[in-house]
Amino acid sequence: MYKYSKISRYKIKKILKLFSQDLPATKTAKILGLNRKTVDRYYGIFRQQILNYSKKENEQLAGEIEVDESYFGPQRVRGKRGRGAKGKIPVFGILKREGKVHVSIVNDCSRDALMPIIKGQILEGSTIYTDGWRAYDGLILNGYEHYRIFHSHNEFARGKNHVNGIESFWSFTKRRLAKFNGIPDAKFILHLKESEFRFNFRNDSLFDILLDVVFSKL
């Protein structure tokens, strides 16, 4: 792709540097004196490579795991409450404590939708922490230790029994995505996986990691 680029390899690295700092395309274009569409194009390339990386690096988890679901999209209409509010995109998240998070877009948050992901991603014998959602019924029968926290009872933590880690990821991602003022459904997976990537490497030099993940592919 670099072969057919109209800008230099050096300039592409500059775009990547500002992307790693989570600057919007408009600001990056202004700083570098580039056309906004050019920056948008490379931002799209970077996000696609992050998505490819997340698929390749996906592995089964063991140990202490938090799982939870969240919804993304327009603000909920007054009176529309609970899981599956109309117009929202359901996302399922799995977080290994002291480790990384992995998220998937799902059709719904039913037991039939979530249990195959859990069984495919989490090794038997692991300890799973969830809220009280009924889709998690039966985890013990599938070979896991299972502890629940019941938000409906105003319960949020009992010692190690909580889902604060995955909930911090939801908060981080929703704050990030809010600045885009709406994301087309077709591009949502790219932005979701970008947030996953940024969260997982939040304590590392993101630019250096992106050089390996993204720039080597150009």
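The values are calculated or read from the model by the stated rules, or taken from the named source; none is laboratory data. None of these values were measured; they are calculated from a predicted model. Ideal geometry is used to build each Cβ from the backbone, glycine not excepted, and the neighbour counts take in all protein chains shown. Quick note on the areas: whole protein, heavy atoms, side chains included, nothing else; ligands and nucleic acids left out. Shrake-Rupley method; radii C 1.70, N 1.55, O 1.52, S 1.80 Å.
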Practice task
Report yes if some residue within segment 149-161 is of a type in the set (A, V, I, L, M, F, W, C), open to solvent by 30 Å² or more (accessible area, probe 1.4 Å), at pLDDT 90 or above and out of contact with any Cys (no Cβ under 9 Å at 6 or more places or on another chain); otherwise report no.
Solution key: no
Exercise for the section: State yes or no: is K6 among the charged types (D, E, K, R) and closer than 30 Å to N164 by Cα? Expected result: no
Practice task
Could you pull out the residue among K30, K14 that is over 18 Å from F207 (Cα atoms), modelled with pLDDT of 95 or more, in a helix (DSSP H, G or I) and basic (K, R)?
Solution key: K30
Practice task
Only residues that are farther than 24 Å from K160 by Cα and buried (at least 16 other Cβ atoms within 10 Å of the Cβ): list them for segment 112-137, please.
Solution key: A113
Exercise for the section: Look through D22, D40 and report the one residue that is in a loop (DSSP other than H, G, I, E, B), acidic (D, E) and open to solvent by 30 Å² or more (accessible area, probe 1.4 Å). Expected result: D22
Fill in the blank from the handout: Within segment 187-218, residues under 16 Å from Q49 (Cα atoms) and open to solvent by 60 Å² or more (accessible area, probe 1.4 Å) come out as K187, D208, D212, S216, K217
Problem - Among (1) assigned to a helix (DSSP H, G or I); (2) surrounded by 19 or more Cβ atoms within 10 Å (Cβ to Cβ); (3) touching an Asp or Glu at 6+ places or on another chain (Cβ under 9 Å) - the single one E167 does not satisfy - result: (2)
Exercise for the section: Test N181 against the criterion of being open to solvent by 60 Å² or more (accessible area, probe 1.4 Å), farther than 25 Å from K55 by Cβ, not hydroxyl-bearing (S, T, Y) and not in a helix (DSSP H, G or I), and give yes or no. Expected result: yes
Exercise for the section: Answer with yes or no whether L190 is at pLDDT 95 or above, part of a helix (DSSP H, G or I) and more than 15 Å from D68 (Cα to Cα). Expected result: yes
